[in-house]
Amino acid sequence: MRLSGAEIVDTFAEAFPMWGARIVVTAETPGWAHEAARSLTGFATSVIGCKCEAGIERELDPDETPDGRPGVSALLFAPDRDGLAKRLVERVGQCVLTCPTTACFNGLEGEETVNVGGQLRFFGDGYQASKVLDGRRYWRVPVMEGEFLVQERFVVAEGVAGGNIIMLGRDGASALRAAEAAAAAMRTVREVILPFPGGIARSGSKVGSRYSGLMASTNDALCPTLRAQVSNTEVPPGVGSVFEIVIDGLTLEAVSDAMARGLEAAARSGASHVTAGNYGGDLGPYHIALKDLVRGAGRA
Amino acid sequence: MLTLTLREQPTVPLEADGLTPDRLATCSRGEVEALAVWHGNRRSQVGDFFAVSGSAGEELRVEGDLRRVKFLGAGMTAGRLTVAGDAGMHTGAGMRGGELVVAGAVGDFAGVGMRGGRLVVEGSAGHHLGGHQPGERAGMRGGEILVHGDAGEQVGAGLRRGLIAVAGRVGDAAGLRMLAGTIVALGGFGARPGAAMRRGTIVAMSQVTLLPTFGFACFYRPPFLRVYLRHLRALGLPLTDEQIDGRYARWCGDGLELRRGEILMLESRP
């Protein structure tokens with residue numbers, strides 16, 4: 001199947017469930033909200049090495065935040081509920097509590113919650129105080145700057161991780177241009193994040209390694225430099241560079257929507273091929289076929 | 001919606017603590033008329049005093065000159081009760097849920113011992129609003145009280161949890177012996193606010209004469225207060241941007257108790 005001159009490979013992205021939370025960080029200025037959110041979502045590209053995946057979802061206007069200040073919403077995903085709770089406490093404690101002028105709120109609706117502010121309150125060493133408003137408990141932690149406000153409980157929900165598209169190009173510049181366009185298009189979708197730097201990964205991985213103890217290693221089948229060395233290469237002739245975008249989201253619909261927009265943008269921006277990563281269909285319950293995304297956009 | 005209309009003001013106070021929307025939601029008109037009320041020391045029936053109309057549901061409306069009707073909405077757990085005019089003492093006492101809206105004023109002891117729900121008074125409130133029952137240590141334990149007029153003395157006495165917000169002026173000894181919770185008054189406080197308070201917050205939008213057992217900490221913008229004041233503005237209290245964004249002086253007290261309470265006083269502009 002071809003789309004805007006790009007070959008859309010007849011394959012699917014294999015996604016799987018992961019627990020997610022939405023964190024709303026507010027601050028006196030958009031700049032400080034972004035500083036905290038960047039720190040909060042740093043070193044969170046892949047659960048393989050970072051225990052969680054996180055990214056900035058979008059900027060929030062003051063009238064969208066609980067305290068009426070500029071804000072940023074971030075999504076954080078981890079393989080299990082308890083792990084997600086630990087990551088939230090660590091990251092909010094180290095990256096938001098420490099950041100000038102910030103406050104931190106839960107940004108999701110739902111029944112299942114984990115305790116975040118109720119753990120961080122102990123930093124107050126007995127001088128912390130709680131407030132309950134409209135059924136929600138907040139903790140006020142005295143800090144040198146003034147006071148840090150954090151919501152006690154954050155909603156966690158089962159989301160979808162591992163959505164992806166892989167863009168191939170004639171050379172590094174054209175492949176990166178296509179990937180950048182795809183990432184920009186995907187960022188317009190709510191409820192998703194792209195956890196890799198700038199949303200783009202240059203080092204897609206396969207499961208396992210010839211070295212014992214390594215959970216993942218380079219995706220040799222998609223390394224252009226190994227095209228003549230590996231028997232299972234998936235790099236077509238004329239392709240010089242490959243990039244991947246991984247998408248985590250709160251719903252399968254949001255992940256699929258982001259993939260569709262990214263796929264279209266990549267095709268329009270010079271990708272020679274667009275494909276997706278999967279594990280043969282045995283690992284994740286969600287199979288997102290690229291041809292369905294193209295058809296869904298009315299371009300069969 | 002079920003409507004109860006008081007035929008005439010009773011000669012002595014009428015105690016109508018069973019008239020709540022959750023309790024009447026499944027009653028027929030006859031069952032409602034047969035419910036017991038106390039007229040002074042005489043047991044009577046709702047039908048002796050009220051004309052009952054409409055059909056029962058989640059909403060209940062009570063009309064008439066209700067200044068001598070006590071305990072309206074007391075103990076309600078859900079639904080919406082509208083009082084079309086003034087209400088007597090103990091209105092909304094012990095509420096646990098739902099919304100009680102009084103179009104006029106309420107008497108003393110409104111919302112005492114509340115545990116949840118919202119009591120909205122569009123007029124003024126008497127003494128002991130959201131306070132404790134005589135002999136009890138803790139007062140209101142949850143929920144919200146909004147008063148669009150003024151309130152009397154000992155507002156939030158023994159307050160344990162919850163929010164009391166008054167658009168007008170609050171009388172003397174607000175937050176007396178309060179244990180926690182929040183009291184906001186946009187029109188100022190009388191004498192001795194926060195006397196013997198252990199924890200909790202009193203928010204004043206004008207200068208207050210404090211007891212000498214309160215100590216000044218600093219001027220700052222309390223982050224939680226923005227959340228609270230925006231919430232109250234959304235509920236209809238006339239809060240200005242200056243009040244929401246402003247700096248507050250933090251006074252800690254009462255020094256005769258834990259000194260864990262605070263009075264936040266909006267910084268006055270020159």
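Coordinate-derived values only; no laboratory data. Since the structure is predicted, the reported quantities are computational estimates derived from the model, not experimental observations. No Cβ is skipped: glycine too gets one built from the backbone with ideal geometry, and neighbour counts run over all protein chains shown.
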Flagged in segment B:222-270 as hydroxyl-bearing (Ser, Thr, Tyr) and touching a Phe, Trp or Tyr at 6+ places or on another chain (Cβ under 8 Å), in numbering order, are B:Tyr248
Of (1) within 14 Å of another protein chain (Cβ to nearest Cβ); (2) within 26 Å of A:Phe105 (Cα to Cα); (3) surrounded by 16 or more Cβ atoms within 10 Å (Cβ to Cβ), B:Arg259 fails just (2)
If we ask which residues in segment A:163-193 are surrounded by 20 or more Cβ atoms within 10 Å (Cβ to Cβ) and either polar (S, T, N, Q) or in a loop (DSSP other than H, G, I, E, B) (or both), their number turns out to be 3
Filter pass, A:Phe196 being surrounded by 20 or more Cβ atoms within 10 Å (Cβ to Cβ), of a type in the set (Phe, Trp, Tyr) and within 14 Å of chain B (Cβ to nearest Cβ)
no
Among the residues in segment B:210-227, are any within 13 Å of chain A (Cβ to nearest Cβ), under 21 Å from the mean Cα position of the chain (by Cα) and on the phi < 0 side of the Ramachandran plot?
yes
Of the listed residues (A:Glu57, A:Glu90, A:Glu53), the one being out of contact with any Phe, Trp or Tyr (no Cβ under 8 Å at 6 or more places or on another chain), buried (at least 20 other Cβ atoms within 10 Å of the Cβ), among the charged types (D, E, K, R) and under 30 Å from A:Arg202 (Cβ atoms) is A:Glu57
Check your understanding: Does A:Ala267 count as surrounded by fewer than 21 Cβ atoms within 10 Å (Cβ to Cβ) and either within 23 Å of A:Leu75 (Cβ to Cβ) or within 25 Å of the chain's Cα centre (by Cα) (or both)?
Key -> no
query = Would segment B:164-174 turn up any residue that is of a type in the set (D, E, K, R) and more than 14 Å from chain A (Cβ to nearest Cβ)?
reply = yes
If we ask which residues in segment A:97-155 are among the charged types (D, E, K, R), out of contact with any His (no Cβ under 7 Å at 6 or more places or on another chain) and assigned to a loop (DSSP other than H, G, I, E, B), their number turns out to be 6
So the strands (runs of 3 or more DSSP E) completely within segment B:1-72 holding 2 or more residues that are on the phi > 0 side of the Ramachandran plot are none
Filter segment A:89-135 for residues that are within 11 Å of chain B (Cβ to nearest Cβ) and under 23 Å from the mean Cα position of the chain (by Cα); the one that is nearest to A:Arg190 (Cα to Cα) is A:Phe105
Of the residues in segment A:70-87, those that are within 14 Å of another protein chain (Cβ to nearest Cβ) and surrounded by fewer than 23 Cβ atoms within 10 Å (Cβ to Cβ) number 1
Take B:Ala185 and decide whether it is buried (at least 19 other Cβ atoms within 10 Å of the Cβ), under 13 Å from the mean Cα position of the chain (by Cα) and more than 18 Å from B:Val112 (Cβ to Cβ).
yes
